[in-house]
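A.B. asks: To start, I am sharing the structure in question, which I have written as structure tokens.
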Amino acid sequence: MSTDPIFNPTAIAQWAQQVGIGRFMSWYWGWPITEIVHFTGLCLLFGTVALYDLRLLGVARGVALSSMQRLIPVGLAGFGLSICSGLMFVVTMPDQYLYNPAFQTKLCLMALAGINVTLFYATTARLANATPEAALPPLRARVFGAVSLLCWLGIIACGRVITLYRPSWHWCAWC
């Protein structure tokens, strides 16, 4: 029986190097470019999620919830950018992420946000989207909106805190 961890950071980093991700990320501009992509994706995602969640909570009652559904492709594109760039960080330095409590909390909050949005669309979205423009959405829609907003704020906070739990390291020689 092997005592290796479920995720072998060395093997993951070697794979990233073999497929070129590691070489790109170790390039002078690789990490900063990936950060820009990650942040852009996060802005697109959180911007659309926050608008919808705030409307669920009763802000901007003059805007119909049903019309905000047009923002979903923008949010999904942002999520895709964030996931792809985030994976590049993880596979480049897996030992800095996989066992990091802030990163683990971030993943748990992402799972909770995913469950929340799935339950919302399965049980409440149709009712919420039928809410007249000036009306407050039903209580359960507001609860889903509050949980979503709190999850995404937590995800962002955890992303910023990840570096506090990492051993001292620098991704570039001039830092």
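A short reminder: the numbers here are calculations on the coordinates, not readings from a lab. Quantities reported herein were computed from a predicted structural model and do not represent experimental measurements. For neighbour counting, all protein chains shown are included, and Cβ atoms are generated from backbone atoms with ideal geometry for every residue, glycine included.
A.B. asks: Under the Karplus relation 6.51 cos²θ - 1.76 cosθ + 1.60, θ = phi - 60°, what is the ordered set of whole-Hz ³J(HN,Hα) values for the range 23-36, x standing for Gly and Pro?
C.D. replies: Couplings: 5, 4, 5, 8, 5, 3, 9, x, 5, x, 5, 5, 4, 4 Hz.
A.B. asks: In nm, to one decimal, how far is the residue 23 label point from the residue 104 one, both placed 7 Å along Cα→Cβ?
C.D. replies: Those two pseudo-labels are separated by 3.5 nm.
A.B. asks: At R0 = 45 Å, how high is the FRET efficiency between residue 118 and residue 14 if r is their beta carbon distance? Nearest 0.05 is fine.
C.D. replies: Rounded to the nearest 0.05, the efficiency is 0.80.
A.B. asks: If you plug each phi of the range 44-53 into the Karplus form 6.51 cos²θ - 1.76 cosθ + 1.60 with θ = phi - 60°, what whole-Hz ³J(HN,Hα) values come out, in order, with x for Gly and Pro?
C.D. replies: 4, 5, 5, x, 6, 5, 5, 4, 5, 5
A.B. asks: Provide 79, 89 in ascending order of the number of other Cβ atoms located within 10 Å of each residue's Cβ, fewest first.
C.D. replies: Working: 79 18, 89 21.
Ordered by Cβ neighbours within 10 Å, fewest first: 79, 89.
A.B. asks: So, one more: Could you estimate the translational diffusion coefficient of the chain from the Stokes-Einstein equation, with Rh from the Kirkwood formula over C-alpha pairs, at 4 °C and 1.567 mPa s, in whole µm²/s?
C.D. replies: Approximately 72 µm²/s, per Stokes-Einstein.
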